[in-house]
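S.K.: Sharing a structure below in structure tokens format, with a few things to ask.
Values in this text are rule-based calculations from the coordinates and carry no lab data. Bear in mind the structure is a predicted one, so any value in this text is a computation, not a measurement. Here the Cβ positions follow ideal geometry from the backbone for every residue, glycine too, while neighbour counts run over all protein chains shown.
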Amino acid sequence: MNITWLGQSGFLVEVADQRLLIDPYFSDIVERKEGLRRLVPPPCRVEALAPHALFITHDHLDHYDPETVAAVMNTASGCRLIGPASVTAHAVRDGIPKERLTCIAPGGTFAIGPFRITGTQARHSDALAIGLLLRTPSECLWFSGDTLYFPELAACVRELAGGPPDIAFVCINGRLGNMNLHEAARVVAELRPRLAVPMHYGMFAENTADPAEFRSDCDGCGVRTALLTVGHCMRTARLLDTHLHCVPSPFSSS
Ligand SMILES: [Zn+2]
């Protein structure tokens, strides 16, 4: 499995030749609509991603970027868009055919290729926002989506996953309805994944956090962390190794 960080909450997960794209923010629409300038460019062209499925956690511009969604859906002709009802409603308004959409709620499950997708609970200003539990034949990953901390969060994820996930990707920015890095580390401490990865930072100067501080908190509770670089991919076949192997993604040069 390769996991490439695309910036903010965006990831490309590859298993064999199957690709799942999550929350890609490739345009500068947040700057044009809300005045927040992106700090890092997209790591590749949208057209290079060619996913089989696109999962979007909620209907905010840094997650449902309508220009990126349109580019993905137009260039990847077989791609299915999966998300909560706020996302699928936005997609219908954008003219994406209903037969290419799958609506999912917390606890709901959908399988596509090697990916088994389950929605997890989130508490955010999009009331329908969800997180993503992603199971493949070899791994179990949890992406928090945008959410506040709440005491039942880790237990809900553990129950849906049947135990702690291998990797937890958690938002740490601490503003606009999201956990701060200490709360994110608290969820990690309760969840006990084999590896924790901070996300949703570094994209906007007005809305970021220091991942090193998150790492320090996780060190304190005995959970290993990986701090990713945008455009680099993590090869999880090496998860058991002492050194996590991160290399430039083939996408970053395209
Ligand atoms: Zn966000």
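S.K.: What residues qualify as long-range amide H neighbours of residue 120, i.e. H under 5 Å apart, gap of 5 or more or another chain, H built at 1.01 Å from N?
M.R.: The answer is 107, 131, 132, 133.
S.K.: Also, I was wondering about something else. Angle, helix 211-220 long axis vs. longest principal axis of the chain, Cα atoms, 0 to 90°, nearest 10?
M.R.: Taking Cα atoms only, the helix is inclined about 40 degrees.
S.K.: Here is a follow-up. What residues of the stretch 60-78 lie in the reach of a label at residue 99, counting those whose backbone N is under 19 Å from a point 7 Å from the Cα along Cα→Cβ?
M.R.: Answer for the stretch 60-78: 73-78.
S.K.: Please order 60, 200, 182 by the number of other Cβ within 10 Å, starting at the fewest.
M.R.: Sorted ascending by nearby Cβ count, the order is 182, 60, 200.
S.K.: Would you pull out the residues with amide H under 5 Å of residue 19's amide H, same chain only if 5 or more places away, H placed 1.01 Å from N?
M.R.: Distant-sequence amide H within range of residue 19: 52, 53.
S.K.: If you count the DSSP beta bridges with both ends in the chain, what percent of them are antiparallel, to the nearest 5?
M.R.: 65
S.K.: Does anyone have the angle between helix 66-75 and the longest principal axis of the chain? Alpha-carbon axes, 0 to 90°, nearest 10?
M.R.: Its long axis makes an angle of about 70 degrees.
S.K.: Along each of its three principal axes, how wide is the spread of alpha-carbon positions in the stretch 61-207, in whole angstrom units, largest first?
M.R.: So the extents along the principal axes, rounded to whole Å, are 42, 39, 23.
S.K.: With θ set to phi - 60°, apply the Karplus curve 6.51 cos²θ - 1.76 cosθ + 1.60 along the stretch 136-146 and write out the HN-Hα couplings as whole Hz, x wherever there is a Gly or Pro.
M.R.: Residue by residue, the stretch 136-146 yields 10, x, 10, 9, 10, 10, 10, 10, 5, x, 8 Hz.
S.K.: What residues qualify as long-range amide H neighbours of residue 25, i.e. H under 5 Å apart, gap of 5 or more or another chain, H built at 1.01 Å from N?
M.R.: 10
S.K.: How many angstrom lie between the C-alpha centres of the stretch 128-156 and the stretch 166-221?
M.R.: 13
S.K.: Give the angle, between 0 and 90 degrees and rounded to the nearest 10, that separates the Cα long axis of helix 181-191 from the longest principal axis of the Cα atoms of the chain.
M.R.: Compared with the principal axis, the helix lies near 80 degrees.
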